[in-house]
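Peer 1: Handing you this structure, nothing more for now.
The values are calculated or read from the model by the stated rules, or taken from the named source; none is laboratory data. Not measured: the values here are computed from a predicted model. Here the Cβ positions follow ideal geometry from the backbone for every residue, glycine too, while neighbour counts run over all protein chains shown. We work out accessible area using only protein heavy atoms, side chains counted, and drop any ligands, DNA or RNA first. Shrake-Rupley method; radii C 1.70, N 1.55, O 1.52, S 1.80 Å.
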Amino acid sequence: MRITEQDGGTIVTGNARLSRQLRREFDAERRKRGERLWESADILPRDAWLARCWQECAYRDPLNTPVLLDAAQEEALWEQAAAESGADAPLLDIAATAAAAARAWDLLHAWEAPPETSAFDGLRDSEAFFEWMASVEQKLRENGWIAASQLPRALRDSVVAGELTVPGPVSHAGFDELTPADRRLFDALAISERRVEFPSSETRACRAAFHSPQEELAHAAAWARRQMELSPAARIGIVVRGLADMTAAAERIFDDVLHPGLDFAPSDSRRAFHVSVGLPAADTPLIAAALLMLRLRDGLPLGEAAMLLRSPFLRIGQKEAGRLDRELRRAGAGEVSLDALRPQFREFEQAARELPPLQRFSQWSATFARLLDLAGWPYGRTLSNAEYQTLENWKKLLSEFARLDVVLREVSYSEALQRLRRMARASWFAPSDEDAPVQIMDVLEAAGSRFDSLWVAGLQGGIWPQPPRPSPFLPLALQRAAGMPHSSPERELAYARRVTRRLLDSAPEVVCSYPQYSGEEKLRVSPLIENLPEAMNLPRAAETALQRIFSTVPKLETPPLGDAPPLSGDAVQAGGIRVIADQAACPFRAFAIHRLGARELDDIELGISPRERGTAAHVALHVLWQDLKSHQELMARSPAELSELIRSSVNSALEQTLGRRQTGAIAQFRILEHARLERLLKQWLEKERGRPPFRVVETETTALVELSGLQLRVKADRVDLEESSGGHIIVDYKTSKVLTTTGWDSERPDAPQLPLYAVKSERRVSRIYYAQLVSGNLRWLPRDGADVEERGPEWRRVLENLAADFLGGRAAVDPKDGKKTCANCKLGPLCRIGELRGVEIEEGDGDE
């Protein structure tokens, strides 16, 4: 399609993308001819053209022309209609139901299907819809409003009545099909169709199959790169069926392939590709941070509060944000209130407390803008070009939100924010199209466009043609009689054939592709492209950025060399026995944690974590033996006295462990944990009663030990003196369900704690034990204890070697047992073990 000055008039396009493309081509032609000034081409998408025509009607007769409602205002009317009918009680999501009802109403108008009452009788959903429709239409008439779906009929009536004239000529382009309402309007205005014309050369079309949708996109990106290299001025189209569900993957893959030099760094430079679908506005980082900030007034779950604190769009330093995140996690706060962050958002907090209970939507719009300004949003840092566009989209969203005053009354803060979030999820945003050579779009957006080469992805059978999806609110017979979209398999097949033919005619060279698998489901090729020849000589998928970074690093079969500066042994090393345990598990882990200070985020627990339960058991036993002191005293106490001692010990332990967590849910969990610990300690004391006489000489006593010059502070759970033998026994409490003593031995022991306590104790230690505190499996492990005099020398040698390695700076990425060692380690992003060795790290569960 070529647009010349002689054409004049208006072009109405089937999608916004085509209108932008045609305007750019018109301007490029003027520049090519050396012109400096010219009249802009009048090219508008259908919806914008209809709205302009209606504005002309309002200009000619402002008193009698209904006010045009936007989509948000119209959906609000449907929500009101459903609520007033009493249907909101059984509905799980009245907003989604109202939106679906509004779409059904649009279908009735677009396909000019008469909504006869008899057609809806006997169908529960259809009857409810008919009742809502009557209510909506009555409100539209009473208030002098009109909805967008009513415009074609209303404009046609105005043209027929001679009330509206549209300067011509007017033509349309890029419609895969015209609805009956649009066709009748175009006929009334004598609007003709402009067809896309291509050179006479035949289209070369082929098909290709790939393992997964991601692999399909990766090959499409590699193909697009090759096309650009062969012809830098070429216009390349990538059509992805269902692109809305794959926008993030498409952005990542094409950015990786077409901009390999950026290596993850954001850039405002012009990109070689443009993804037209974009994301819901609520999912863009800038607007997501704004919505989280506004929700903070009523409290946020800890995970979302952490996201807010770490947002770059607030004036909180990353160091301060990290500190707050750690404190909140350690406090076990499942919900973060505004009070908890008052020092960081003092002005926001004060203004939020002074808000009125109810306001109009325009007032809430101004309130939200003011609150965000007080919070320092969005200028925590300099915004990029795309972020500035997102900010403008947010301002537009607030303006649309304010216009809800027309149809809705006063609401509370929470209700207003809930509706704003819903509007942000329904509003899609993509940065402006800078006429990038590679255009990535969905099937409908490609209508009317032409390219030098085109790749169409996602054409698997069962999806293309699409299965019928009739509207649940309209009688199926009515939909099929009117020929509405998605009403029958025959209609979907005819539509898919028409669109496929259009796509195959959109470029001289077309590649159609499909994935062979979706998860574990085997897919087949769409019957609409199965007769195309197989593609030949397609380029291989390019390496990802991570593959490029690590392509020079061979797969390592032997432990890699890795040294850090050695340490002096002058100061006491923080970390205690964990230093030795981490050095044995992986030298890099010990280096990162105990020298670099790397810390993983505390896990968010809804209740009492396994670690907290284990800590509470340790503290309760410490308090209990501080009172009992010996086997003799244990035997002397009455059951009532022991019960009272256990109760007070558990109270003290839970207060120390959970005292900072005071939420209602934790209070209930605490009651349950109290009962569990009481039962567990009563059962354990029965086991202690069966031992030979002993005295408890230490509980939770800290000692300073030295290994090869490395000084550590360690703490044994308990040290007993066995009166019959005179030997000391070290006891380590364990609440793990799976427990063995094999971790005491080998050159890299998994559990060096007890061996270290034994060989470095100032007392003569004869045996060491695990005390396994698991209900139903209470036991001493090993049953007769481990002989320290026999095994002590070997333990000492191993421990001295590990300490020497840590002091000497040995910090290789060298997990002892590969995947098993890495399963519970959160340092993978720091050591990059997955990229270095191709290790697939699996999530694991830690011991209590």
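Peer 1: Which of the aspartates and glutamates could be linked to LYS32 by a straight reach, that is with a Cα gap under 20 Å, when you skip same-chain ones fewer than 8 residues away?
Peer 2: Of all the aspartates and glutamates, those that pass the test against LYS32 - Cα under 20 Å, at least 8 places apart if same chain - are GLU5, ASP7, ASP42, GLU434, ASP435, ASP452.
Peer 1: Another question, if that's okay. Can you tell me what the convex hull of the Cα atoms of the range 405-520 projects to on average, as an area in nm²?
Peer 2: If you wrap the Cα atoms of the range 405-520 in a convex hull and average its projections, you get 12.7 nm².
Peer 1: Okay, moving on. Averaged per residue, what accessible surface does the range 641-797 expose to a 1.4 Å probe, in Å²? Spell out each step's value before the answer.
Peer 2: Numbers: 7640 Å² over 157 residues.
So the range 641-797 comes to 49 Å² accessible per residue, rounded to a whole number.
Peer 1: Something else now. With a/c under 1.5 counting as rounded, go ahead and sort the range 696-848 into rounded, prolate or oblate using the C-alpha gyration tensor (a ≥ b ≥ c being the square roots of the eigenvalues; past the cut-off, prolate if a/b is larger than b/c, else oblate). Mind showing how you got there, number by number?
Peer 2: Working: a/c = 2.40, a/b = 1.50, b/c = 1.60.
It is oblate, given that a/c is not under 1.5 and a/b is not larger than b/c.
Peer 1: Turning to a different aspect of this structure: Would you please put 163-170, 694-701 in order of how densely packed they are, using the mean number of other Cβ atoms within 10 angstrom per residue and starting with the highest? It would help to have the intermediate numbers written out before the result.
Peer 2: Values: 163-170: 14.9, 694-701: 16.8.
Highest to lowest by the protection proxy: 694-701, 163-170.
Peer 1: Among all the lysines, which ones have a C-alpha under 30 Å from LYS395's C-alpha, if same-chain residues fewer than 8 places away are not counted?
Peer 2: LYS139
Peer 1: Still on this structure: Take the Cβ-Cβ distance between ALA667 and SER412 as r, set R0 to 41 Å, and report the resulting FRET efficiency rounded to the nearest 0.05. Please list the in-between numbers first.
Peer 2: Values: r = 29 Å, r/R0 = 0.70.
E(calc), rounded to 0.05, equals 0.90.
Peer 1: Continuing with the same structure: What order do LYS687, LYS629 take when sorted by accessible area (1.4 Å probe), most exposed first?
Peer 2: Values: LYS687 80, LYS629 115 Å².
Heavy-atom accessible area, descending, gives LYS629, LYS687.
Peer 1: If you place +1 on the Cβ of every Lys and Arg and -1 on the Cβ of every Asp and Glu, how big does the dipole about the Cα centre of the range 388-482 come out, in debye to the nearest 20? Present the calculation step by step, with values, prior to reporting the outcome.
Peer 2: Numbers: 11 positive and 11 negative charges, 115 e Å.
Computed about the Cα centre, the dipole is about 560 debye.
Peer 1: With all protein chains present, how much of the accessible area of the range 436-499 (probe radius 1.4 Å) comes from carbon and sulfur, to the nearest whole percent?
Peer 2: Result for the range 436-499: 61 percent of the exposed heavy-atom area is carbon or sulfur.
Peer 1: While we're looking at this one, here's another question. Largest first, how would MET423, MET635 line up by accessible area (1.4 Å probe)?
Peer 2: Details: MET423 25, MET635 90 Å².
The ranking, largest first, comes out as MET635, MET423.
Peer 1: Here's a follow-up. Among DSSP beta bridges whose residues both lie in the chain, state the antiparallel percentage, nearest 5.
Peer 2: Details: 31 of 75 bridges.
Within the chain, antiparallel bridges account for around 40 percent of the total.
Peer 1: What distance in nm lies between label points placed 7 Å from Cα along the C-beta direction at ALA83 and ARG315?
Peer 2: Spacing of the two 7 Å Cα→Cβ label points: 3.8 nm.
Peer 1: What number comes out for accessible area per residue over the range 354-489 if the probe is 1.4 Å? Units Å², please.
Peer 2: Values: 5810 Å² over 136 residues.
Per residue, the range 354-489 has 43 Å² of solvent-accessible surface.
Peer 1: Ignoring ligands, DNA and RNA, what percent of the accessible area of the range 64-195 is carbon or sulfur (1.4 Å)? Don't skip to the end; give the middle numbers.
Peer 2: Values: 3210 of 6420 Å².
Carbon and sulfur atoms account for 50 percent of the accessible area of the range 64-195.
Peer 1: At a 1.4 Å probe radius, carbon and sulfur cover how many percent of the accessible area of the range 606-760? Walk me through the numbers before you get to the answer.
Peer 2: Working: 3760 of 7220 Å².
That fraction is 52 percent.
Peer 1: Kindly rank 61-74, 774-787 from highest to lowest mean number of other beta carbons found within 10 Å of each residue. Write down the numbers at each step before the final one.
Peer 2: Working: 61-74: 15.6, 774-787: 13.1.
So the peptides 61-74, 774-787, ranked by packing, come out 61-74, 774-787.
Peer 1: On to the next question. Place a +1 charge on the Cβ of each Lys and Arg in the chain and a -1 charge on the Cβ of each Asp and Glu, then give the dipole magnitude about the Cα centre in debye, rounded to the nearest 20.
Peer 2: Values: 109 positive and 124 negative charges, 245 e Å.
Here the size comes out at about 1180 debye.
Peer 1: Let me ask you something else. Using a/c under 1.5 as the rounded threshold, could you call the range 29-124 rounded, prolate or oblate? The axes a ≥ b ≥ c are square roots of the C-alpha gyration tensor eigenvalues, and prolate needs a/b larger than b/c, oblate otherwise. Before the final figure, lay out the partial values.
Peer 2: Details: a/c = 2.66, a/b = 2.41, b/c = 1.11.
It is prolate, given that a/c is not under 1.5 and a/b is the larger ratio.
Peer 1: Next question. List, in order, the whole-Hz ³J(HN,Hα) value for each residue of the range 478-491 obtained from phi through the Karplus relation with A = 6.51, B = -1.76, C = 1.60 and θ = phi - 60°; use x for Gly and Pro.
Peer 2: Rounded to whole hertz, the list is 5, 5, 5, 5, 7, x, 5, x, 6, 8, 7, x, 5, 5.
Peer 1: Sticking with this structure for a sec: So if we plug the beta-carbon distance of ALA640 and THR740 into 1/(1 + (r/R0)^6) with R0 = 51 Å, what FRET efficiency do we get, rounded to 0.05? Write out the running numbers ahead of the final one.
Peer 2: Working: r = 38 Å, r/R0 = 0.75.
So the FRET efficiency works out to roughly 0.85.
Peer 1: Rounded to the nearest 500 deg cm²/dmol, what is the calculated helix-only ellipticity per residue at 222 nm for the chain, with -39500 (n - 2.57) per DSSP H run of length n ≥ 4? Can you show the working numbers first?
Peer 2: Values: 31 runs with 380 residues, N = 848.
Taking each H run of at least 4 residues, the total per residue is -14000 deg cm²/dmol.
Peer 1: Between their Cα atoms, which of LYS319/LYS396; LYS522/LYS820; LYS682/LYS734; LYS629/LYS734 are more than 24 Å away from each other? Could you put the intermediate results ahead of the total?
Peer 2: On the way: LYS319/LYS396 33 Å; LYS522/LYS820 32 Å; LYS682/LYS734 16 Å; LYS629/LYS734 20 Å.
The answer is LYS319/LYS396; LYS522/LYS820.
Peer 1: Step by step: find N for the chain, compute 2.2 N^0.38 Å, then divide the Cα radius of gyration by it. What's the final number? Write out the running numbers ahead of the final one.
Peer 2: On the way: Rg = 35.7 Å, N = 848, 2.2 N^0.38 = 28.5 Å.
Normalised by 2.2 N^0.38 Å, the Cα Rg of the chain equals 1.25.
Peer 1: Counting other Cβ atoms within 10 Å of each Cβ, which GluC sites (Glu not before Pro) in the range 486-534 have at most 10 and sit in a DSSP loop?
Peer 2: On the way: sites: GLU490, GLU492, GLU509, GLU520, GLU521, GLU530, GLU534; in loops: GLU520, GLU530.
Answer by residue number: GLU520.
Peer 1: So the label point goes 7 Å from the Cα of CYS206 along Cα→C-beta, right? Which residues of the range 518-539 then have their backbone N under 17 Å from it?
Peer 2: 529-539
Peer 1: By its C-alpha gyration tensor, with a ≥ b ≥ c as the square roots of the eigenvalues, how is the range 343-411 shaped: rounded for a/c under 1.5, else prolate for a/b larger than b/c, else oblate? Don't skip to the end; give the middle numbers.
Peer 2: Values: a/c = 5.15, a/b = 1.19, b/c = 4.33.
Note, shape of the range 343-411 comes out oblate.
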